[in-house]
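Q: I am attaching a structure below and will ask some questions about it afterwards.
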Amino acid sequence: MEDEKGIELRSSFIINMKNTRKATFEDLNQLAELFDQYRIFYHKESDIPAAENFLRERIENKDSEIFVAEQDGKLTGFVQLYPIFSSTRMQRYWLLNDLYVNNNHRGKGYSKELIDEAKELCRSSNACGVLLETGKSNDVGNQLYPACGFELYDSVNFYEWTNKEM
């Protein structure tokens, strides 16, 4: 494609228009399908009804903020953030807990747009930052996050205690 001056325009220019927004109850069916794909990616059993219920509860209870990416009315990805607080900073953080883009829509800039929504949420809520965790083997994420301005903490250890009674 060329502009009126004959300069070639890349198709990614069109894709980089804002295709993200805050999720609504009307998105639950499609969002649950994406959330189920996300869970399967992390080796969990498929359960779309439970995914829809989980997401409905998050939205109803305002436990999290969910933003979606879409193309032609079809959801292509989502990001879900939970509020947490830093006692030492005495400020809110946002935990970017879930980021997923459907396989057929990867490489088109949706992840970056969703991360931009997370950053804007941080700014608009006067939070001090966005935290996230990803696996060391997540090559795509480990390239994406620094490219979006995230810095790797190498001075801390991350520990988890699991409730085995669940």
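The values are calculated or read from the model by the stated rules, or taken from the named source; none is laboratory data. Worth saying up front: this structure is predicted, and the values here are computed from it rather than measured. Note that we place each Cβ from the backbone using ideal geometry, even for glycine, and neighbour counts take in every protein chain shown.
Q: Mind counting the residues in the stretch 89-111 that are touching a Cys at 6+ places or on another chain (Cβ under 6 Å) and part of a loop (DSSP other than H, G, I, E, B)?
A: Qualifying residue count for the region: 1.
Q: Inspect the stretch 10-25 for any residue being over 24 Å from residue 150 (Cβ atoms) and at pLDDT 95 or above and give the result as yes or no.
A: The answer is yes, given that some residue of the stretch 10-25 is over 24 Å from residue 150 (Cβ atoms) and at pLDDT 95 or above.
Q: Of all residues in the stretch 28-68, which are touching an Asp or Glu at 6+ places or on another chain (Cβ under 7 Å), of a type in the set (Gly, Ala, Ser) and within 26 Å of residue 120 (Cβ to Cβ)?
A: 32, 51
Q: Scan the stretch 38-88 residue by residue and report those that are of a type in the set (Phe, Trp, Tyr), outside any helix (DSSP H, G or I) and loosely packed, with under 14 Cβ neighbours inside 10 Å.
A: Listed by number, the residues that qualify are 42, 85.
Q: Any idea which of 102, 97, 142 is of a type outside the set (Gly, Ala, Ser) and in contact (Cβ under 8 Å) with a residue 60 or more places away in the chain?
A: Of 102, 97, 142, the one residue that is of a type outside the set (Gly, Ala, Ser) and in contact (Cβ under 8 Å) with a residue 60 or more places away in the chain is 102.
Q: Select from the stretch 110-160 the residues that are surrounded by fewer than 16 Cβ atoms within 10 Å (Cβ to Cβ), under 21 Å from residue 83 (Cβ atoms) and of a type in the set (Phe, Trp, Tyr) and list them in ascending order.
A: 153, 158
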